[in-house]
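These notes concern the structure reproduced below.
The values are calculated or read from the model by the stated rules, or taken from the named source; none is laboratory data. Worth saying up front: this structure is predicted, and the values here are computed from it rather than measured. Ideal geometry is used to build each Cβ from the backbone, glycine not excepted, and the neighbour counts take in all protein chains shown. With ligands, DNA and RNA removed, areas are computed over all heavy atoms of the protein, side chains included. Shrake-Rupley method; radii C 1.70, N 1.55, O 1.52, S 1.80 Å.
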Amino acid sequence: MAEDSTVTKPRVVGDSGRLLHGGDLDGARAVFPAAPEPWVDLSTGINPWPYPLPPVPPQAWARLPGRAEEEALRAAAAACYGAPSAELVAAASGSQALIQLLPRLLPAGRVAVMEPTYAEHARCWALAGHEVRGVEGKGILIPDAPDVLVVVNPNNPDGRLLPPERLLELAQAQAARGGWLVVDEAFADMEPEQSVARFAGRPGLVVLRSFGKFFGLAGLRLGIALAPAGLAASLRDAVGPWAVSGPGLSIATAAFGDGDWIAGTRGMLDDAMARLRRLLSGAGLTVVGGTALFCLVEDRRVPGLYRALGEAGILVRRFERRPDWLRFGLPGPEEAWQRLSVALDSRGTWEQGGDKVGAVQPSKKSAP
(Lines give C-alpha, C1' and ligand atoms only; values in the text may rest on other atoms or scores of the structure.)
Protein backbone atom coordinates (compact mmCIF):
# COMPACT_ATOMS: atom_id res chain seq x y z
CA MET A 1 0.00 0.00 0.00
CA ALA A 2 1.30 3.40 -0.92
CA GLU A 3 1.78 5.90 1.86
CA ASP A 4 2.47 9.27 0.26
CA SER A 5 0.12 11.71 -1.41
CA THR A 6 1.48 11.27 -4.93
CA VAL A 7 -0.68 9.30 -7.33
CA THR A 8 2.18 8.47 -9.71
CA LYS A 9 4.37 5.41 -9.63
CA PRO A 10 8.13 5.94 -9.62
CA ARG A 11 10.48 4.49 -12.19
CA VAL A 12 13.69 2.85 -11.12
CA VAL A 13 16.64 5.25 -11.24
CA GLY A 14 19.63 3.24 -10.17
CA ASP A 15 19.35 0.47 -7.62
CA SER A 16 18.44 2.27 -4.42
CA GLY A 17 16.57 5.01 -6.25
CA ARG A 18 13.66 2.62 -6.66
CA LEU A 19 10.66 3.57 -4.55
CA LEU A 20 9.17 0.40 -3.03
CA HIS A 21 5.70 0.17 -1.58
CA GLY A 22 5.23 -1.04 1.97
CA GLY A 23 5.96 -4.72 2.47
CA ASP A 24 7.50 -5.26 -0.97
CA LEU A 25 10.23 -7.66 0.10
CA ASP A 26 10.49 -9.18 -3.38
CA GLY A 27 11.22 -5.73 -4.76
CA ALA A 28 13.70 -5.09 -1.97
CA ARG A 29 15.57 -8.29 -2.79
CA ALA A 30 15.78 -7.21 -6.43
CA VAL A 31 17.14 -3.78 -5.49
CA PHE A 32 19.55 -5.10 -2.83
CA PRO A 33 20.44 -8.62 -3.99
CA ALA A 34 23.41 -8.95 -1.60
CA ALA A 35 21.42 -8.04 1.53
CA PRO A 36 21.42 -10.60 4.33
CA GLU A 37 18.37 -12.75 4.99
CA PRO A 38 15.91 -12.76 6.59
CA TRP A 39 14.86 -9.21 5.85
CA VAL A 40 13.69 -6.93 8.64
CA ASP A 41 10.55 -5.30 7.25
CA LEU A 42 9.94 -1.91 8.87
CA SER A 43 8.15 -0.51 5.82
CA THR A 44 4.60 -1.12 7.06
CA GLY A 45 2.72 0.18 10.08
CA ILE A 46 1.64 -3.29 11.20
CA ASN A 47 1.89 -4.52 14.78
CA PRO A 48 4.82 -7.00 14.81
CA TRP A 49 3.26 -8.90 17.76
CA PRO A 50 0.00 -10.18 16.20
CA TYR A 51 -3.10 -11.34 17.97
CA PRO A 52 -2.65 -15.01 18.94
CA LEU A 53 -4.77 -17.07 16.59
CA PRO A 54 -7.64 -18.79 18.42
CA PRO A 55 -8.88 -22.22 17.41
CA VAL A 56 -10.98 -22.00 14.26
CA PRO A 57 -14.00 -24.33 14.07
CA PRO A 58 -13.46 -26.92 11.32
CA GLN A 59 -16.73 -25.96 9.67
CA ALA A 60 -15.40 -22.45 9.09
CA TRP A 61 -13.01 -23.97 6.56
CA ALA A 62 -15.46 -26.40 5.03
CA ARG A 63 -18.48 -24.24 4.20
CA LEU A 64 -19.41 -20.74 3.18
CA PRO A 65 -19.88 -18.37 6.13
CA GLY A 66 -23.46 -17.89 7.21
CA ARG A 67 -25.46 -14.84 8.16
CA ALA A 68 -25.03 -15.52 11.87
CA GLU A 69 -21.23 -15.38 11.63
CA GLU A 70 -21.35 -12.18 9.61
CA GLU A 71 -23.74 -10.56 12.06
CA ALA A 72 -21.55 -11.64 14.97
CA LEU A 73 -18.55 -9.96 13.37
CA ARG A 74 -20.47 -6.72 12.80
CA ALA A 75 -21.70 -6.71 16.40
CA ALA A 76 -18.19 -7.37 17.73
CA ALA A 77 -16.72 -4.61 15.55
CA ALA A 78 -19.38 -2.12 16.67
CA ALA A 79 -18.71 -2.94 20.31
CA CYS A 80 -14.93 -2.73 19.91
CA TYR A 81 -15.03 0.61 18.12
CA GLY A 82 -17.81 2.05 20.26
CA ALA A 83 -20.26 2.41 17.38
CA PRO A 84 -23.94 2.62 18.38
CA SER A 85 -25.19 -0.35 16.35
CA ALA A 86 -24.13 -3.23 14.12
CA GLU A 87 -26.60 -1.85 11.60
CA LEU A 88 -24.04 0.88 10.89
CA VAL A 89 -21.24 -1.62 10.09
CA ALA A 90 -20.10 -2.97 6.74
CA ALA A 91 -17.20 -5.41 6.40
CA ALA A 92 -15.01 -6.06 3.38
CA SER A 93 -11.83 -7.88 2.47
CA GLY A 94 -9.57 -5.09 3.71
CA SER A 95 -10.00 -1.36 4.09
CA GLN A 96 -8.48 -0.97 0.62
CA ALA A 97 -11.58 -2.66 -0.82
CA LEU A 98 -13.77 -0.07 0.91
CA ILE A 99 -11.55 2.78 -0.30
CA GLN A 100 -12.08 1.53 -3.85
CA LEU A 101 -15.79 0.85 -3.45
CA LEU A 102 -17.05 3.95 -1.68
CA PRO A 103 -16.34 6.37 -4.58
CA ARG A 104 -18.47 4.19 -6.87
CA LEU A 105 -21.50 4.42 -4.58
CA LEU A 106 -21.61 8.22 -4.28
CA PRO A 107 -22.56 10.61 -7.11
CA ALA A 108 -19.66 12.07 -9.06
CA GLY A 109 -18.60 15.38 -7.57
CA ARG A 110 -15.73 17.38 -6.13
CA VAL A 111 -13.52 15.56 -3.67
CA ALA A 112 -10.89 17.15 -1.42
CA VAL A 113 -8.22 14.94 0.15
CA MET A 114 -6.25 16.35 3.06
CA GLU A 115 -2.58 15.86 2.15
CA PRO A 116 0.06 14.53 2.31
CA THR A 117 -1.52 11.15 2.96
CA TYR A 118 -2.23 7.65 1.67
CA ALA A 119 -2.25 7.92 -2.12
CA GLU A 120 -5.02 5.42 -2.78
CA HIS A 121 -7.74 7.80 -1.60
CA ALA A 122 -7.09 10.34 -4.34
CA ARG A 123 -6.47 7.64 -6.93
CA CYS A 124 -9.68 5.72 -6.25
CA TRP A 125 -11.93 8.77 -6.21
CA ALA A 126 -10.39 9.95 -9.48
CA LEU A 127 -10.80 6.54 -11.12
CA ALA A 128 -14.50 6.61 -10.21
CA GLY A 129 -14.98 9.88 -12.12
CA HIS A 130 -14.78 12.42 -9.31
CA GLU A 131 -12.87 15.69 -9.55
CA VAL A 132 -10.11 15.33 -6.97
CA ARG A 133 -7.76 17.87 -5.46
CA GLY A 134 -5.45 17.94 -2.50
CA VAL A 135 -5.84 20.41 0.34
CA GLU A 136 -3.14 21.45 2.77
CA GLY A 137 -3.22 19.20 5.78
CA LYS A 138 -1.84 21.79 8.17
CA GLY A 139 -4.80 24.05 7.63
CA ILE A 140 -8.12 23.70 9.39
CA LEU A 141 -10.32 25.61 6.96
CA ILE A 142 -11.44 23.62 3.93
CA PRO A 143 -12.14 25.98 1.02
CA ASP A 144 -14.70 25.68 -1.76
CA ALA A 145 -17.11 23.26 -0.03
CA PRO A 146 -16.27 19.91 -1.64
CA ASP A 147 -18.92 17.24 -2.00
CA VAL A 148 -16.60 14.79 -0.23
CA LEU A 149 -13.77 15.56 2.15
CA VAL A 150 -11.29 12.77 2.97
CA VAL A 151 -9.19 12.93 6.14
CA VAL A 152 -6.80 10.24 7.37
CA ASN A 153 -6.76 10.55 11.15
CA PRO A 154 -4.22 9.96 12.60
CA ASN A 155 -2.54 10.68 9.32
CA ASN A 156 -0.16 8.46 7.46
CA PRO A 157 2.78 9.16 7.29
CA ASP A 158 3.18 12.13 9.66
CA GLY A 159 0.69 11.30 12.43
CA ARG A 160 -1.22 14.56 12.04
CA LEU A 161 -4.32 14.43 14.21
CA LEU A 162 -7.50 16.48 14.04
CA PRO A 163 -9.54 16.41 17.27
CA PRO A 164 -12.93 14.69 17.22
CA GLU A 165 -14.69 18.01 17.82
CA ARG A 166 -13.27 19.46 14.61
CA LEU A 167 -14.11 16.35 12.62
CA LEU A 168 -17.70 16.45 13.83
CA GLU A 169 -17.93 20.11 12.82
CA LEU A 170 -16.69 19.19 9.35
CA ALA A 171 -19.13 16.28 9.12
CA GLN A 172 -22.01 18.52 10.11
CA ALA A 173 -21.01 21.13 7.53
CA GLN A 174 -20.70 18.47 4.85
CA ALA A 175 -24.07 16.94 5.72
CA ALA A 176 -25.78 20.34 5.63
CA ARG A 177 -25.05 20.58 1.91
CA GLY A 178 -25.63 16.90 1.18
CA GLY A 179 -21.96 16.00 1.26
CA TRP A 180 -19.75 13.55 3.15
CA LEU A 181 -16.75 13.47 5.43
CA VAL A 182 -14.73 10.26 5.10
CA VAL A 183 -12.40 9.66 8.04
CA ASP A 184 -9.83 6.91 7.52
CA GLU A 185 -8.92 5.71 11.03
CA ALA A 186 -6.59 2.90 10.00
CA PHE A 187 -4.20 3.81 12.83
CA ALA A 188 -6.72 4.95 15.45
CA ASP A 189 -6.79 1.82 17.61
CA MET A 190 -4.04 3.16 19.87
CA GLU A 191 -5.99 6.31 20.74
CA PRO A 192 -9.69 5.39 20.91
CA GLU A 193 -10.54 8.70 22.57
CA GLN A 194 -9.50 10.44 19.33
CA SER A 195 -11.78 8.29 17.19
CA VAL A 196 -15.13 9.44 15.84
CA ALA A 197 -16.34 5.84 15.48
CA ARG A 198 -18.62 6.32 18.48
CA PHE A 199 -20.49 8.97 16.48
CA ALA A 200 -21.13 6.59 13.57
CA GLY A 201 -24.56 7.01 12.08
CA ARG A 202 -24.51 10.79 12.07
CA PRO A 203 -25.43 12.28 8.69
CA GLY A 204 -22.50 12.89 6.38
CA LEU A 205 -19.96 10.83 8.37
CA VAL A 206 -18.16 7.70 7.14
CA VAL A 207 -15.42 6.07 9.22
CA LEU A 208 -13.04 3.46 7.84
CA ARG A 209 -11.13 1.10 10.13
CA SER A 210 -8.38 -1.42 9.36
CA PHE A 211 -8.34 -4.65 11.36
CA GLY A 212 -4.95 -5.89 10.23
CA LYS A 213 -2.70 -3.08 11.43
CA PHE A 214 -3.35 -3.00 15.18
CA PHE A 215 -4.18 -6.69 15.47
CA GLY A 216 -1.12 -7.54 13.37
CA LEU A 217 -3.04 -9.83 11.01
CA ALA A 218 -2.88 -7.94 7.72
CA GLY A 219 -3.07 -11.19 5.77
CA LEU A 220 -6.55 -11.86 7.13
CA ARG A 221 -7.80 -8.96 4.95
CA LEU A 222 -10.56 -7.24 6.88
CA GLY A 223 -11.73 -3.66 6.71
CA ILE A 224 -14.69 -2.06 8.47
CA ALA A 225 -16.84 0.87 7.39
CA LEU A 226 -19.05 2.72 9.87
CA ALA A 227 -21.71 4.81 8.17
CA PRO A 228 -25.37 5.85 8.34
CA ALA A 229 -27.58 2.78 8.06
CA GLY A 230 -28.57 3.36 4.43
CA LEU A 231 -25.02 3.75 3.18
CA ALA A 232 -23.79 0.86 5.34
CA ALA A 233 -26.46 -1.36 3.75
CA SER A 234 -25.42 -0.19 0.29
CA LEU A 235 -21.82 -1.07 1.07
CA ARG A 236 -22.83 -4.53 2.27
CA ASP A 237 -24.84 -5.07 -0.90
CA ALA A 238 -21.95 -3.83 -3.06
CA VAL A 239 -19.30 -6.10 -1.52
CA GLY A 240 -21.68 -9.02 -2.01
CA PRO A 241 -22.05 -12.23 -0.04
CA TRP A 242 -19.13 -13.91 1.71
CA ALA A 243 -16.92 -10.80 1.53
CA VAL A 244 -14.92 -12.09 4.51
CA SER A 245 -13.86 -15.73 4.80
CA GLY A 246 -15.29 -18.00 7.46
CA PRO A 247 -11.94 -18.35 9.28
CA GLY A 248 -11.47 -14.59 9.05
CA LEU A 249 -14.87 -13.97 10.62
CA SER A 250 -14.10 -16.39 13.44
CA ILE A 251 -10.66 -14.94 14.23
CA ALA A 252 -11.68 -11.30 13.96
CA THR A 253 -14.80 -11.74 16.09
CA ALA A 254 -12.66 -13.22 18.86
CA ALA A 255 -10.03 -10.49 18.54
CA PHE A 256 -12.55 -7.64 18.63
CA GLY A 257 -13.93 -9.03 21.87
CA ASP A 258 -10.59 -9.59 23.63
CA GLY A 259 -10.43 -6.44 25.76
CA ASP A 260 -7.53 -7.65 27.87
CA TRP A 261 -5.33 -8.28 24.84
CA ILE A 262 -6.29 -4.92 23.32
CA ALA A 263 -5.42 -2.99 26.50
CA GLY A 264 -2.16 -4.85 27.02
CA THR A 265 -1.11 -4.40 23.42
CA ARG A 266 -1.66 -0.66 23.55
CA GLY A 267 0.76 -0.39 26.44
CA MET A 268 3.31 -2.67 24.78
CA LEU A 269 3.23 -0.72 21.52
CA ASP A 270 3.62 2.60 23.34
CA ASP A 271 6.73 1.27 25.08
CA ALA A 272 8.16 -0.11 21.84
CA MET A 273 7.62 3.15 19.99
CA ALA A 274 9.34 5.09 22.76
CA ARG A 275 12.31 2.74 22.36
CA LEU A 276 12.36 3.21 18.59
CA ARG A 277 12.28 6.98 18.87
CA ARG A 278 15.20 6.87 21.33
CA LEU A 279 17.15 4.66 18.95
CA LEU A 280 16.59 6.95 15.98
CA SER A 281 17.29 10.11 17.95
CA GLY A 282 20.47 8.55 19.31
CA ALA A 283 21.64 8.06 15.72
CA GLY A 284 21.29 11.80 15.11
CA LEU A 285 17.98 11.60 13.25
CA THR A 286 15.02 13.92 13.80
CA VAL A 287 11.66 12.27 14.41
CA VAL A 288 8.99 14.66 13.11
CA GLY A 289 5.80 12.64 13.57
CA GLY A 290 4.10 9.28 13.66
CA THR A 291 1.85 7.05 15.73
CA ALA A 292 2.47 4.11 18.04
CA LEU A 293 2.88 1.88 14.97
CA PHE A 294 5.29 3.99 12.91
CA CYS A 295 7.40 7.12 13.15
CA LEU A 296 8.59 9.57 10.52
CA VAL A 297 12.16 10.84 10.23
CA GLU A 298 13.22 13.95 8.32
CA ASP A 299 16.86 14.31 7.32
CA ARG A 300 18.81 15.42 4.23
CA ARG A 301 20.86 12.21 4.53
CA VAL A 302 17.82 9.97 4.06
CA PRO A 303 18.79 8.63 0.59
CA GLY A 304 22.13 7.40 1.88
CA LEU A 305 20.52 5.99 5.02
CA TYR A 306 17.89 4.18 2.97
CA ARG A 307 20.62 2.59 0.88
CA ALA A 308 22.65 1.57 3.93
CA LEU A 309 19.61 0.03 5.59
CA GLY A 310 18.68 -1.82 2.41
CA GLU A 311 22.18 -3.22 2.08
CA ALA A 312 21.81 -4.42 5.69
CA GLY A 313 18.53 -6.20 4.84
CA ILE A 314 16.26 -3.63 6.51
CA LEU A 315 13.35 -2.21 4.50
CA VAL A 316 11.87 1.17 5.44
CA ARG A 317 9.43 3.43 3.59
CA ARG A 318 10.50 6.26 1.28
CA PHE A 319 8.29 8.98 -0.21
CA GLU A 320 8.39 10.39 -3.71
CA ARG A 321 7.45 13.95 -2.87
CA ARG A 322 9.65 14.09 0.21
CA PRO A 323 13.05 12.47 -0.46
CA ASP A 324 14.15 13.66 3.00
CA TRP A 325 11.52 11.50 4.74
CA LEU A 326 11.77 7.91 5.96
CA ARG A 327 9.06 6.05 7.81
CA PHE A 328 10.03 3.33 10.30
CA GLY A 329 7.70 0.65 11.59
CA LEU A 330 8.37 -1.25 14.79
CA PRO A 331 10.92 -4.06 14.86
CA GLY A 332 9.52 -7.19 16.45
CA PRO A 333 12.06 -9.77 17.63
CA GLU A 334 15.06 -8.55 19.61
CA GLU A 335 17.31 -9.63 16.75
CA ALA A 336 15.55 -7.10 14.50
CA TRP A 337 16.15 -4.33 17.03
CA GLN A 338 19.83 -5.23 17.19
CA ARG A 339 20.22 -5.29 13.41
CA LEU A 340 18.63 -1.86 13.15
CA SER A 341 20.87 -0.53 15.90
CA VAL A 342 24.02 -1.83 14.19
CA ALA A 343 22.97 -0.36 10.83
CA LEU A 344 22.26 3.04 12.38
CA ASP A 345 25.59 2.98 14.21
CA SER A 346 27.41 2.56 10.88
CA ARG A 347 27.02 6.26 10.28
CA GLY A 348 30.03 6.53 8.04
CA THR A 349 28.26 4.44 5.40
CA TRP A 350 25.30 6.78 5.03
CA GLU A 351 26.08 10.24 6.40
CA GLN A 352 27.71 11.44 3.18
CA GLY A 353 25.36 9.62 0.83
CA GLY A 354 22.48 12.05 0.75
CA ASP A 355 23.20 13.59 -2.63
CA LYS A 356 24.38 10.43 -4.38
CA VAL A 357 21.17 8.44 -4.24
CA GLY A 358 17.50 9.16 -4.39
CA ALA A 359 16.52 10.59 -7.75
CA VAL A 360 13.05 9.10 -8.03
CA GLN A 361 11.34 9.90 -11.30
CA PRO A 362 7.56 9.54 -11.59
CA SER A 363 5.78 7.80 -14.44
CA LYS A 364 2.09 8.08 -15.32
CA LYS A 365 1.09 4.81 -13.69
CA SER A 366 -0.75 4.79 -10.42
CA ALA A 367 0.98 4.04 -7.14
CA PRO A 368 0.59 0.59 -5.61
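Below are the figures for this structure:
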quantity: Ala186 vs. criteria under 30 Å from Asp41 (Cα atoms) and either of a type outside the set (Ser, Thr, Tyr) or surrounded by 16 or more Cβ atoms within 10 Å (Cβ to Cβ) (or both); calculated: yes
quantity: Residues being small (Gly, Ala, Ser), open to solvent by 40 Å² or more (accessible area, probe 1.4 Å) and in contact with a Leu (Cβ under 7 Å, 6 or more places away or on another chain) - total across region 218-261; calculated: 2
quantity: Test for Glu115: is it among the acidic types (Asp, Glu) and within 15 Å of the chain's Cα centre (by Cα); calculated: yes
quantity: Filter result (more than 22 Å from the chain's Cα centre (by Cα) and closer than 16 Å to Tyr51 by Cβ) within region 238-253; calculated: Pro247, Ser250
quantity: Scan of region 262-271 for residues that are open to solvent by less than 40 Å² (accessible area, probe 1.4 Å) and touching a helix residue (DSSP H, G or I) at 6+ places or on another chain (Cβ under 9 Å), ordered by number; calculated: Ile262, Thr265, Leu269
quantity: Residue match in region 61-79 (condition: in contact with an Asp or Glu (Cβ under 9 Å, 6 or more places away or on another chain) and over 27 Å from Gly201 (Cβ atoms)); calculated: no
quantity: Residue check for Leu149: farther than 30 Å from Ala272 by Cβ and open to solvent by less than 20 Å² (accessible area, probe 1.4 Å); calculated: yes
quantity: Failed criterion for Gly204 (all others in (1) under 19 Å from Leu161 (Cα atoms); (2) without any contact (Cβ under 8 Å) to a residue 40 or more places away in the chain; (3) surrounded by 17 or more Cβ atoms within 10 Å (Cβ to Cβ) hold); calculated: (1)
